[in-house]
Amino acid sequence: MKHLVLGGVRSGKSAYAEAQIAACDKPVCYVATSQIWDEDMAERVSLHQTRRPSEWKLIEEPLALAKVLDSLNSPEQAVIVECFTLWLTNLLCLEDEARLEQEKQDLLRVVAEFKGDLVLVSSEVGLGIMPMNALARRFGDEAGAMNQALATLTDRVTLVAAGLPMPLKSPPLL
């Protein structure tokens, strides 16, 4: 099962996604894409760390996400990726268009081919106002396009707001 979990900042999307992957009854690998840029980010990372079960494997990778997912591609594996918008931010900060495009293409290929259980966490950034600067607009465009692409490749899509999961896409009934 592949599941995309979307939500805004502090929406409850991470806790919901973690509960979903924990229910898979397989070994879990938590793939973290964040980088600690300041004290606030360090606090956010710490919150996520204390919430995770100690038996979950952790891989921290801010850029080469497709390579990591490729290495974990097994029907016996459960993987959660937290989060795609931070990964996009990391790539945009490189200011390397060729690398950005290659990483996005590689990632979508790996997600399409993934054989294990996969829960993908991403921020929904398209519900606010149009940003005033070019980089923020570009980020919103990239995140929106990535979320749409991931939604087509996953079996389930859930939007979380105020801690409440709202299914947007579910697998067909048998």
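Can you name every residue in the range 40-64 that is in contact with a strand residue (DSSP E or B) (Cβ under 7 Å, 6 or more places away or on another chain) and of a type in the set (Asp, Glu)?
Glu60, Glu61
Say whether the condition of being at pLDDT 95 or above and either under 16 Å from Asn90 (Cα atoms) or not polar (S, T, N, Q) (or both) is met by at least one residue in the range 39-49.
no
For Val160, only one of the following conditions fails: (1) over 28 Å from Cys24 (Cα atoms); (2) outside any helix (DSSP H, G or I); (3) touching a helix residue (DSSP H, G or I) at 6+ places or on another chain (Cβ under 7 Å). What is its number?
The one condition Val160 does not meet is (1).
Select from the range 121-157 the residues that are part of a strand (DSSP E or B) and hydroxyl-bearing (Ser, Thr, Tyr) and write down the one among them that is nearest to the chain's Cα centre (by Cα).
Ser122
Could you figure out which of (1) within 22 Å of Val125 (Cβ to Cβ); (2) assigned to a helix (DSSP H, G or I) isn't true of Lys67?
(1)
Does any residue in the range 106-125 that is within 17 Å of Asp25 (Cα to Cα) and surrounded by fewer than 21 Cβ atoms within 10 Å (Cβ to Cβ) come within less than 8 Å, Cβ to Cβ, of a residue that is of a type in the set (Gly, Ala, Ser) and at pLDDT below 95 six or more places away or on a different chain, and which pairs are these?
Qualifying pairs under 8 Å: none.
Please verify whether Lys13 is closer than 19 Å to Arg156 by Cα, within 17 Å of the chain's Cα centre (by Cα) and not acidic (Asp, Glu), treating the condition exactly as stated. Don't jump to the end; show me each part of the working.
Working: closer than 19 Å to Arg156 by Cα: yes; within 17 Å of the chain's Cα centre (by Cα): yes; not acidic (Asp, Glu): yes.
It is true that Lys13 is closer than 19 Å to Arg156 by Cα, within 17 Å of the chain's Cα centre (by Cα) and not acidic (Asp, Glu).
Give the number of residues within the range 1-30 that are in contact with a Lys or Arg (Cβ under 9 Å, 6 or more places away or on another chain) and free of Cβ contacts under 8 Å to residues at least 60 places away in the same chain. Steps first, answer last, please.
To start, the set of residues in the range 1-30 that are in contact with a Lys or Arg (Cβ under 9 Å, 6 or more places away or on another chain) comprises 1-7, 14-15, 18, 20, 27-30.
Of the ones still in play, those that are also free of Cβ contacts under 8 Å to residues at least 60 places away in the same chain are 27-30.
Of the residues in the range 1-30, 4 are in contact with a Lys or Arg (Cβ under 9 Å, 6 or more places away or on another chain) and free of Cβ contacts under 8 Å to residues at least 60 places away in the same chain.
Anything in the range 1-52 that is outside any helix (DSSP H, G or I) and of a type in the set (Gly, Ala, Ser)? List them, or say none. Give the steps one after another, and end with the answer.
Here is the first cut: in the range 1-52, the residues outside any helix (DSSP H, G or I) are 1-12, 23-38, 52.
Gly7, Gly8, Ser11, Gly12, Ala23, Ala32, Ser34, listed by residue number.
Pull up the range 76-120, narrow it to residues that are basic (Lys, Arg) and part of a helix (DSSP H, G or I), then point me to the one that is nearest to Gly140 (Cα to Cα). Lay out the reasoning, then the answer.
Of the range 76-120, the ones basic (Lys, Arg) are 99, 104, 109, 115.
Going one step further and asking which of them are part of a helix (DSSP H, G or I), we end up with 99, 104, 109.
Working: Arg99: 19, Lys104: 15, Arg109: 22 Å.
That would be Lys104.
Any residue that is farther than 23 Å from Gly7 by Cβ, hydrophobic (A, V, I, L, M, F, W, C), surrounded by fewer than 19 Cβ atoms within 10 Å (Cβ to Cβ) and at pLDDT below 95 - is there at least one of those in the range 95-104?
Within the range 95-104, none of the residues are farther than 23 Å from Gly7 by Cβ, hydrophobic (A, V, I, L, M, F, W, C), surrounded by fewer than 19 Cβ atoms within 10 Å (Cβ to Cβ) and at pLDDT below 95.
The values are calculated or read from the model by the stated rules, or taken from the named source; none is laboratory data. Keep in mind that what you see is a predicted model, and the values were worked out from it rather than measured. Please note: Cβ atoms are built from the backbone with ideal geometry, for glycine as well, and neighbour counts cover all protein chains shown.
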